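One structure is given below, encoded as structure tokens.
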Amino acid sequence: MNEVEQIVDELAAAIRNDGVLVLRANDIEKTLTRVLLRGEAAEEIERATTFPYSGLTGRAIERRTPMVVNDAHLDPRAIIYSDPVHPEAIALVPLLREGEVVGCLNVYRDGEGQQFEEGDLDQVRPFADRLAAVL
């Protein structure tokens with residue numbers, strides 16, 4: 001097991017989630033490469049390995065600011081990969097090392113309504129910091 005897998009396993013044990021996506025950023029090309037995907041995901045995400053900075057993840061990275069998006073499936077900034085649409089919430093935490101973006105950690109919870117609270121970011125952040133150090 002590599003360090004990224006170990007950190008995600010610890011996150012999954014500590015924080016309720018229905019999926020975790022770890023992406024490595026190329027801030028020059030504005031692209032994201034999938035490093036690890038846990039949980040059920042749309043076939044397009046499972047198939048693709050590289051994504052442009054876009055949607056909610058792109059917004060979090062461009063702003064270098066964590067975001068909680070409840071009812072992400074209804075957010076006009078979201079890129080929807082599932083058909084039919086899958087109700088979910090996402091906590092997105094850009095992975096920063098020495099002020100530079102090195103990736104993004106997305107934690108998913110299924111369902112409509114408020115699945116995450118802003119305080120949940122405080123629980124996710126230590127795992128994001130550890131992931132930033134090893135990417």
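Across the range 82-106, the number of residues qualifying as hydrophobic (A, V, I, L, M, F, W, C) and either outside any strand (DSSP E or B) or free of Cβ contacts under 8 Å to residues at least 60 places away in the same chain (or both) comes to 7.
From the list 47, 38, 24, the lone residue that is modelled with pLDDT under 95, surrounded by 13 or more Cβ atoms within 10 Å (Cβ to Cβ) and charged (D, E, K, R) is 38.
For the range 107-135, the set of residues classified as under 12 Å from the mean Cα position of the chain (by Cα), hydrophobic (A, V, I, L, M, F, W, C) and not in a helix (DSSP H, G or I) consists of 107 only.
The residue list 15, 90 contains one member that is crowded, with 18+ Cβ neighbours inside 10 Å and modelled with pLDDT of 90 or more, which is 90.
Residues considered: 69, 8. Of these, the only one that is surrounded by 18 or more Cβ atoms within 10 Å (Cβ to Cβ) and modelled with pLDDT under 95 is 69. Restricted to the range 56-68, and to residues there that are in contact (Cβ under 8 Å) with a residue 40 or more places away in the chain and not in a helix (DSSP H, G or I), the residue that is nearest to residue 94 (Cα to Cα) is 66.
The values are calculated or read from the model by the stated rules, or taken from the named source; none is laboratory data. Please read these numbers as outputs of a predicted model, since none were measured by experiment. A quick note on method: Cβ atoms are made from the backbone with ideal geometry, for glycine too, and the neighbour counts reach across all protein chains shown.
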